[in-house]
Every structure is written in C-alpha cells, then in structure tokens.
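Okay, so here's the structure we're looking at.
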Amino acid sequence: MGNSEERAEGAGPFTTRLTWRLEAGETAVWESRAARKRGTLAVRPAGAARSSPRRADEATLVRLRRLNGIAAVSFTVGGALFALGAALAQSGSVGPTATATVYFVGGVFFTLGGYVSLVQVINAPRRESTAGALTTHRFRWWSYEPGRIDWVSTFVLFAGTLVFGVNLLDSFLQGLTVQQMNRLVWAPDMIGCLLFLISGQLAVVEVCHRPWCLHRRSIGWWIVAVNQLGSALFMVAALAAFTRPETASLVSVGIANWGTLTGALCFAGAGVLQAFERP
C-alpha cells in the first residue's frame, strides 16, 4: 500500500494540519505549530489509541530551543517595560521623556522578539513528503513564504513591532501640534495595534485549525489567546490615546494608560508561558 493523503485542515488558503496514512498502516499527523515550536509530528500505529511524537534531529531541536528562549525572554522583558511605562505615565511620578525612554527600550525588546519568532519559523523543520519525517534545511535569516500561516503571522507581528518603533521614536518629539501628534504618534500606534490583532488571529487559526476554539489543556492555545487579549487591550488604549482637535486633550488618559498596562502584562505573561513551549 502506498502513502496517501487523507485530510487537510485549516482556514482560507492556509493548511494548519495534515493527516495521512503511512505504508505500514500508521497514521501521521503534521500540525504547523507543533512542527515549528517543538519540531515534532505525531504518528499513531495501526489499531493504537494514542500517538507518539516523531522528532526532528537533535541539532534542529537545539536551534528551535535557543530561538524560542530568546523570543520568550524578549517578549517578557518588553511586556514588563511597557507595563512599567504605563504605570509611570499614570502615576505622573516622572517626566514624559523618562516614560518615553522606558517605552522605547521595551519596544526594542518587542522588535527583537518579533524578529526572532520569524527566524524560528523560517528555520523550522518541514514536512516535505508523506514519509512521516521532518526535513531541516540550512540556517537562514530571511525567507519569503506567504503560503505558510506561521510565516505570515510572525511577519505581520514583526512589522507591527517596527511600526510601534516609529510611534515610540516620534513620542520623543516636543512641541507638536494636535494634527502632528495624531499623524506621527497616534496613527503608527493604531497601525501597530491592527497588525498585532491580525497576527494574533492568524496564530489562533494555526492552533485551532479554524477561526476560534477552546483548548484549555494546550499551552499553545493559552499563549495565543493571552497574546490576542493583550493586542485587543493595546487597541483600546490606542483608541483612547487619540488627541481631540477641539480640546487638544486625549480621549481618555486613564483608559490609554490602563489599557497599555494590562495589555503589556498579557504579553509578558504569554512570554513566560512561551518559555515552556519548547522541544
């Protein structure tokens, strides 16, 4: 009996899970997130009730583990610094320049985490045949793979961190008019939040194989769910940070600061969880 494809699952143009039968009668299951985060696919012997993981080679697992660790630490530190910046802004205990500096350093860590997440996707082991094994290629710093949901999700996330960088740099500018504030600071903030939400929804689809699900026993699900909650809170904060032209004041300073604080804590918490989703 030859190898045969049985079922492909996902959403839109993306495939997030494949199930097929191997020559010996075993059933193999490839899932996008499991392959890129843990370097595994699942194989269930004929007649068996449970599957066992089939792993990539040890060098690949070490690579994934290191990249995952860097990304996890980056998001944890970045989220913690954003939370600190929001707390300082709400308390008014320091000046705007000091607060902007804390935000900017946090943004650097977010950008590092976003890029390393993309690099991890690029160098993840691939399922390139129906043989029931994962294939690893040479290390790369960049690739263009818009047909992969994990690549699109992490690329959009990385782009969002870069846009946030523009927002954070512009926040150092002094003496801006209301129009300049909304164009140079608020608009990049909104674009960055939107990109985070898009990236987060793609990550949810990758885990759920559909637009939404509830998998409370899956650490991957908790990571993407908490991150998406953080993105939503960032969006609320961005909406509240719009400067009204008629009054030259924010829609709500409190909501902007508390939305940023709670959203940042979500990203920091998801970063801690990410440290445990490794090969």
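Applying 0.36 nm per residue to the separation of HIS137 and ILE255 and subtracting their alpha-carbon distance, the gain on full extension is 37.8 nm.
Only protein heavy atoms count here; on that basis, with a 1.4 Å probe, HIS137 has an accessible area of about 90 Å².
Cα extents for region 1-132 along the principal axes, largest to smallest and rounded to whole angstrom: 72, 33, 26. Evaluating 6.51 cos²θ - 1.76 cosθ + 1.60 at θ = phi - 60° for every residue in region 137-146, the Karplus couplings come out as 10, 5, 5, 9, 8, 7, 7, 10, 9, x Hz, glycine and proline recorded as x. In order along region 269-279, phi translates into HN-Hα couplings of x, 5, x, 5, 4, 4, 4, 9, 9, 9, x Hz, rounded to whole numbers, per the Karplus curve 6.51 cos²θ - 1.76 cosθ + 1.60 with θ = phi - 60° and x for Gly and Pro.
With θ taken as phi - 60° and the Karplus curve 6.51 cos²θ - 1.76 cosθ + 1.60 applied, the whole-hertz 3J(HN,Hα) list for region 226-240 is 5, 4, 5, 4, x, 5, 5, 5, 4, 5, 4, 5, 5, 4, 6 Hz, x standing for glycine and proline. For the chain, the alpha-carbon coordinates run over 74, 32, 32 Å along the three principal axes, in decreasing order. Applying a DSSP loop filter and a limit of 12 other Cβ atoms within 10 Å to the chymotrypsin sites (Phe, Trp or Tyr not before Pro) in region 197-261 leaves TRP212. FRET efficiency for the pair ASP57 and GLN90, taken as 1/(1 + (r/R0)^6) with r the Cβ-Cβ distance and R0 = 41 Å, rounds to 0.25. How many angstrom separate the Cα center of region 53-121 from the Cα center of region 130-172? Cα centroid to Cα centroid, the span is 15 Å. Where both bridge residues fall in region 1-141, DSSP classifies roughly 100% of the beta bridges as antiparallel. Protein heavy-atom surface of region 156-234, 1.4 angstrom probe: 70% of the accessible area is carbon and sulfur, with nucleic acids and ligands not counted. Modelled label positions at ALA275 and ARG217, each set 7 Å beyond Cα in the direction of Cβ, lie 2.6 nm from each other.
So for region 102-240, what percent of the C-alpha to C-alpha distances run longer than 25 Å? Distances greater than 25 Å cover 36 percent of the Cα pairs. Share of carbon and sulfur in the accessible area of region 2-106 stands at 56%, probe radius 1.4 Å.
For region 167-279, the convex hull drawn through the C-alpha positions has a volume of 111 cubic angstrom per residue. Its DSSP H runs of at least 4 residues, each contributing -39,500 (n - 2.57), put the calculated 222 nm mean residue ellipticity of the chain at -19500 deg cm²/dmol, to the nearest 500. Using the Cβ-Cβ distance between LEU162 and ALA248 with R0 set to 25 Å, the FRET efficiency works out to roughly 0.30. Counting only protein heavy atoms and a 1.4 Å probe, the chain has 47 square angstrom of accessible area per residue.
The values are calculated or read from the model by the stated rules, or taken from the named source; none is laboratory data. This is a predicted model, so every value here is computed, not measured. Counting neighbours? That spans all protein chains shown, and the Cβs are built from the backbone with ideal geometry, glycine included. Please note that ligands, DNA and RNA were not included when accessible areas were found on the heavy atoms of the full protein model with its side chains. Shrake-Rupley method; radii C 1.70, N 1.55, O 1.52, S 1.80 Å.
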